[in-house]
2 protein chains.
Amino acid sequence: MTGAADKRPRTKPAEIRRDELMDAAESLFLRKGFAATSVGEIVAEADVAKGTFYLYFKTKDDVLDALRTRFIEGFCEKLDLALAAGDRDWSGRIDIWVRTCVNAWLDSVARHDLVFHQHAPADRAMKADNLVILRLATLLEQGAQAGAWTIDHPRMVAVMLFDALHGAVDDSLAAKTPLSRAQLIALITRFYRRALAIDQG
Amino acid sequence: MTGAADKRPRTKPAEIRRDELMDAAESLFLRKGFAATSVGEIVAEADVAKGTFYLYFKTKDDVLDALRTRFIEGFCEKLDLALAAGDRDWSGRIDIWVRTCVNAWLDSVARHDLVFHQHAPADRAMKADNLVILRLATLLEQGAQAGAWTIDHPRMVAVMLFDALHGAVDDSLAAKTPLSRAQLIALITRFYRRALAIDQG
């Protein structure tokens, strides 16, 4: 390796250092809030020199962007693994989709809110590139090609289904008496199956 | 009338004055942005003394809250009128619902974004009181009682349908080549009919 970075002594590979800085930042953001956390606190938490931070990130906002990317990648990885491991049947894949999304989300509500809820909801362009929606659109398109359902506009239907799930989870989280995880999954799965005109199993 | 407000000379009823102040503020917010608009500019635009502003509002944020309430009330009024004037048939009501929502929204995107998009999306509690969702839940419940469809959880299904519509409109607005209004309405209507397992007309 050449370049500025390796002039400094390093005992750990860059990827691990970067991840550790992100872990430290995430834990502080969740505990104290994003605004109240300083770069100084992040490097103290990660036990590295301040200069090390600036090898990887320009600002605190940069770290938040990286945390968001990591969150989305982790979410997509869970979906890909669950779909690869699970049912080959198309309607079964829809069930796995819903279950995995709801579980992954409910397992990480605080992190989800941290990485997304600094964003203005009007940021419509961001959603256009939403990787979870893109994956769902692909799944819908493949299912349509296989004759599992008919869909006139996979992208739009994927958006509607994604936002329906998002809304249901959000609403349950805000409710005085939230639905159980199992109830939520059952409700959304039924909704998806109907919206795709899949026979109710 | 008694009280502090009517000690000042007034040539217009309070409701009209208040609406005029709101109109002036809205026009400025849309033109210059909320942050860049001052109370001084609002009273100049409405052609009233600064003291008059403070008879009705404490702050600029107060005006935005009032604009949001007025926006929601206007939206609900359009829905109520369209439903009252239209088809008595349950699946027809769903069509009217979708058409009215999409039209009302596309006719007022800038105002919608102004009154809502200052809000953090994490404000889950706000959605719990969303009057449009409450109306849709009532419509779904009534239709279920009339045997038009079966629904296990009208509130949740209303949330999912509302967010599906919201997401589709948002996505189309963000798209490089947005769907036409008619395409959007047709797509969402089909989605709603499927999600409610209504026979496709």
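Here are a few things to note about the model shown:
- From the list B:A182, B:A146, B:A174, B:A195, the one residue that fits, being surrounded by fewer than 18 Cβ atoms within 10 Å (Cβ to Cβ), within 7 Å of chain A (Cβ to nearest Cβ) and either over 20 Å from B:A104 (Cβ atoms) or out of contact with any strand residue (DSSP E or B) (no Cβ under 9 Å at 6 or more places or on another chain) (or both), is B:A174.
- Members of region B:22-36 found to be of a type outside the set (S, T, Y), surrounded by 13 or more Cβ atoms within 10 Å (Cβ to Cβ) and outside any loop (DSSP other than H, G, I, E, B), listed by number: B:M22, B:D23, B:A24, B:A25, B:E26, B:L28, B:F29, B:L30
- Scanning region B:149-160 for residues that are under 20 Å from the mean Cα position of the chain (by Cα) and more than 7 Å from every other protein chain (Cβ to nearest Cβ) yields B:R155, B:A158.
- Residue count for region B:70-104 satisfying the condition of being buried (at least 18 other Cβ atoms within 10 Å of the Cβ), closer than 28 Å to B:I16 by Cα and touching a residue at least 24 places away in the same chain (Cβ under 8 Å): 5.
- Residue that is surrounded by the fewest Cβ atoms within 10 Å (Cβ to Cβ), among those in region B:149-167 that are small (G, A, S) and in contact (Cβ under 8 Å) with a residue 24 or more places away in the chain: B:A158
- Test: residue in region B:125-132 that is under 30 Å from A:M160 (Cβ atoms) and either away from chain A (no Cβ under 14 Å) or touching a Pro at 6+ places or on another chain (Cβ under 9 Å) (or both): yes
- Every residue from region B:37-66 that is assigned to a loop (DSSP other than H, G, I, E, B), of a type in the set (V, I, T) and either farther than 19 Å from B:L114 by Cα or in contact (Cβ under 8 Å) with a residue 24 or more places away in the chain (or both): B:V48
- Of all the listed residues (A:V63, A:V39), the sole one being surrounded by 17 or more Cβ atoms within 10 Å (Cβ to Cβ) and among the hydrophobic types (A, V, I, L, M, F, W, C) is A:V63.
- Answer from B:L173, B:L161 - the residue that is part of a helix (DSSP H, G or I) and at pLDDT 95 or above: B:L161
- As for region B:63-70, it holds at least one residue that is within 30 Å of B:A36 (Cβ to Cβ), among the β-branched types (V, I, T) and at pLDDT 95 or above.
- Of all the residues in region A:71-104, those that are under 12 Å from the mean Cα position of the chain (by Cα) and polar (S, T, N, Q) number 2.
- One residue from A:K60, A:K12, A:K50 being at pLDDT below 90 and farther than 30 Å from A:R99 by Cβ: A:K12
The values are calculated or read from the model by the stated rules, or taken from the named source; none is laboratory data. Being a predicted model, the structure only gives us computed values, none of them experimental. Backbone-built Cβ (ideal geometry, glycine too); neighbour counts: all protein chains shown.
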